[in-house]
Structures are given as C-alpha cells and as structure tokens.
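One structure is given here, and the rest of the page talks about it.
Just so it is clear, none of the values below were taken in a lab; they were calculated from the coordinates. Here the structure is a predicted model, which means the values were calculated and not measured. Neighbour counts are summed over all protein chains in view; Cβ atoms, including those assigned to glycine, are modelled from backbone coordinates with ideal geometry.
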Amino acid sequence: MNYYKRVDELVDRALMGEDVTWLLGQMGIFLDNLDIQQNVSSQIKKTFESEVSNKKLLKRHSVAPYVIAAVLYKLQDERDNRIMTARTLAKIHKEKAKETVMQRFAGWASSIPVLPQNRAKVNKVKLVREIIKPIAKDLNKQDKLLANDQSRKMVSNIDSIIANEAGAIGYYWHSLFRIPGYKYRIEHKHLDLDGKFIILKDNWALKNGLMKKDGGIYQDQIEQPGELPNCKCSAVYVYKLDEIPSNCLTNKGLEYKKGI
C-alpha cells in the first residue's frame, strides 16, 4: 500500500477515537513492511546491467568483450556484495526514520481531544504534511542517494577488477565539475586530479622498465574516483604506452613507443 494513503487512513482512525496503542502498533507494522531495501537493490542491478551486460564500461576500457566475459563471475560477486551492503545501510536508515515517525505520531495521537466535536477541529492536513510526510520524503531521498552511491562504488570496483585482469597501466581522472549546472560538493570536484594520468602500481610497463618509477601520481597515493560518498568522478583506463604522457616514459619506453 502507498505510504501516504496508509498514513491518511491511520490519522482518520485516530480522529474517530481509535485506541492509541492499536494505532501505534499498526503504524509500526506498516513501516516494517515498507520494502525500501528492494528499491535500493533494483537500482544497483540496473546499473550493473547497463555497465556489464550492455557493455557501457567498454567506453572506459579499450579491451575485447571476451575479457569481460572471463571475469564476469568476479563482477557479479562485486554486484552482490554491493547489494548486501546497500540493503544493510537502507535498513539502518529505515529504522531511524521509523523511530522518528513513531515518536511524532504517538505525540500527536495521544493529544487528540476526547470529545468528538473537538476532534473535528484537529488540523489533519498539517499533521500529514508537516510532521509525517517530510520523514517519508527524507527517507526516499536518503535511499536514492544510497543506491546511487553504492552503484558508483560498484562501478569503480568493477573498473579496478577489469583493469587488473586486462593489464591496464594507468588511467585518466575524469571529473564532471565543468558540466554547466552540475551541482558538486567542493571536496568532490577534484580540480587537482581532473585530466591527470594516474599510474597503476606494479603494472607491466613499470616491471619492464618502460615507465619511470618517480615523478608520477600513483593510484595508491590518492583516493579513487567514486570513493568519497556520492563522488561522481570516473576513470578512463589506459592499456597502451602510446596513450600516456611521454614524460612518464623511460628512454627504453620512448624507443618502444616509436616502434608501436
């Protein structure tokens, strides 16, 4: 049943003189049965479908589709772990919201006038709009943020899995802060990293003496794209030497690049 419709029904029952204890019990049962966790899980599954099944991630990885197929079980494990984490966090949010709703509803229901003619004067609209509905709105907002955040973290980890398996040597940091109208938190704009080439530690080019070991930015020295809560930055991975800045290459690497 729709949340608002059920709240309206319980408020009507309260104004008809229904027992407060019974009303609180019904409100608690209804809130317990709200399947918010399923909404969060659905969002993560949709993101996985878009990124993996529809191969959107190939825009960030110049690899053959068979590479994705080879690590699909690892990607699915990451999806399942994210769903489990998101459902746990959604449950915590829901319990906090339930406590607030129950307290406000109990305070209101217990103060309803005894005489029917006085109950008729109670401002039901104010109760529903100003006390109870904002809680539901906040809960929905929190769950959307949670679903989006966990989806981005899943994508970031999926990228790392593919990069590790396919032999990426680094990535270019991509931030969205320049997009007109994009609302970002100041700590998420990553001005100092946007467009920079980030080196993956112990990659094959470093091991073969083709890349310099100093002077660059290493992945393990910084936070990762999407690591901060609700960060929308992403990484575009590099697998070939001719796609990285020349100042990252040794003389051996420069000669190797010429021969590509």
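Pairs over the 32 Å Cα-Cα cut-off, from the set K74/K141; K5/K74; K56/K252; K91/K201; K94/K201: K5/K74; K56/K252; K91/K201; K94/K201. Using bins of 10 Å that start at zero, the share of Cα-Cα pairs per bin across segment 201-260 amounts to 20, 46, 24, 9, 1, in whole %. Summarising the label geometry, the points placed 7 Å from Cα in the beta-carbon direction at E165 and K257 lie 3.0 nm from one another. For the cross-link pairs K144/K196; K59/K240; K207/K258, the ones whose C-alpha atoms lie over 23 Å apart are K144/K196. Give the cross-link partners of K98 among the aspartates and glutamates, using a straight C-alpha distance below 18 Å as the criterion and excluding same-chain residues fewer than 8 apart. Straight-distance partners of K98: D8, E9, D32, D35, E130, D138, D143.
Taking a quarter of the surface of the Cα convex hull of segment 1-86 gives a mean projected area of 7.6 nm².
How large is the dipole of segment 1-103 about the Cα centre if only Lys and Arg carry +1 and Asp and Glu carry -1, each at its Cβ, rounded to the nearest 20 debye? Dipole about the Cα centre, nearest 20: 820 debye.
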